[in-house]
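Everything on this sheet refers to the single structure shown next.
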Amino acid sequence: MGILYLVRHAQASFLEPDYDKLSALGESQSRLLGEHWAQRKLAFDRVGVGPCARQIDTVTLARAAYVNAGRNFPEPQVLPEFDEYHAEEVLRGTLPALLEKDQNIRDLHAAFQAAANTTEQRTTFQKLFSAVIGDWVRGVIRLEGVEAWQEFCARVNSGLDKFLSGAKRGEKIAIFTSGGPIAVATQRALHLSPENTLQMTWMSRNSSWSEFLYSTDRFTLSSFNIHEHIADAAMLTYR
């Protein structure tokens, strides 16, 4: 039986022009993860990472902490299948039309626009984001040229099949990715509905990890959303 560790990237740059980069807090979260694992003498046989900058930078900083501790950490292999779903494109491409015809979306968008501080911005944006992406997952709205939710799930499952098919007996594998692929893996293990799978995408903390047990005929969730490397509650983030 092997163990797969799926790691959510550390905090990215929410509401910045370029979201796909780690914040200063995200960099600290990444280092703490690597230091914690190195102290535990957790060794991996293979490591993969999605193609996003925030995913790659998270594993790079965690790996540097291993190197500083004198421990081995395999060179990460970039895995395109573990890219996040294209939520920003969906929101940007569908919001103008939704604002014209959907009063609920107009109200949520107005609340976000009126937010007085970062905390309110995060809260109101999440409500707006959840409403739009929820309709996209259910197929109520579609966007030409953007990967559909079902296609995203198929991509991630294909990546899991490919990466695990090369596993040796008892291997420990880590893949640094995002909340969406982690939710799809959880769906695979627990047979969740699309709606429940979407809800799981909101739950993974930045730099947390989830553990899955796997063999040729088994894929089981062992632990979800572990963040024991962060002792300071102020450093626990979802965005």
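In table form, for the structure just shown:
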{"read-out": "Nearest 10 degrees, 0 to 90: helix 24-39 Cα axis against the chain principal axis", "value": "30"}
{"read-out": "Computed [θ] at 222 nm, deg cm²/dmol, the chain (DSSP H ≥ 4; -39,500 (n - 2.57); rounded to nearest 500)", "value": "-15500 deg cm²/dmol"}
{"read-out": "Neighbourhood net charge (10 Å Cβ-Cβ; Lys/Arg +1, Asp/Glu -1) for Ala69", "value": "+1"}
{"read-out": "Translational D in µm²/s for the stretch 87-137 (Stokes-Einstein at 25 °C, 0.890 mPa s, Kirkwood Rh from C-alpha pairs)", "value": "224"}
{"read-out": "Cα gyration tensor category, rounded, prolate or oblate, for the stretch 146-239 with a/c compared to 1.5", "value": "oblate"}
{"read-out": "Choice from Ile56, Ile105, Ile133 with maximal GNM fluctuation in the chain (Cα, 10 Å cutoff)", "value": "Ile105"}
{"read-out": "Estimated FRET transfer efficiency when R0 is 35 angstrom, pair Ser193-Gln77 (beta carbons, to 0.05)", "value": "0.65"}
{"read-out": "Neighbour net charge for Ala53 - beta-carbon separation under 10 angstrom, K R +1, D E -1", "value": "-1"}
{"read-out": "Arg169 paired with Ala115, simple spin-label distance in nm, labels 7 Å along Cα-to-beta-carbon", "value": "5.2"}
{"read-out": "Summed residue charge, Cβ within 11 Å of Ser178's Cβ, Lys/Arg positive, Asp/Glu negative", "value": "-1"}
{"read-out": "Candidate lysines for bridging to Lys21, where Cα separation is under 26 Å - those fewer than 8 sequence places away on the same chain excluded", "value": "Lys127"}
{"read-out": "Sparse-neighbour loop sites [trypsin sites (Lys or Arg not before Pro); the stretch 159-213; at most 10 other C-beta within 10 Å; DSSP]", "value": "Lys168, Arg169"}
{"read-out": "Stretch gain in nm, segment Glu151-Arg122, where the contour uses 0.36 nm per residue and the Cα spacing is subtracted", "value": "7.6 nm"}
{"read-out": "Estimated vicinal HN-Hα couplings, Hz - the stretch 196-206 in sequence order (Karplus 6.51, -1.76, 1.60; Gly, Pro = x)", "value": "5, 5, 4, 4, 5, 5, 7, 8, 5, 6, 4"}
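The numbers here are math on the coordinates, done by the rules we state, and not lab data. Here the structure is a predicted model, which is why all the values come from computation and not from measurement. A quick note on method: Cβ atoms are made from the backbone with ideal geometry, for glycine too, and the neighbour counts reach across all protein chains shown.
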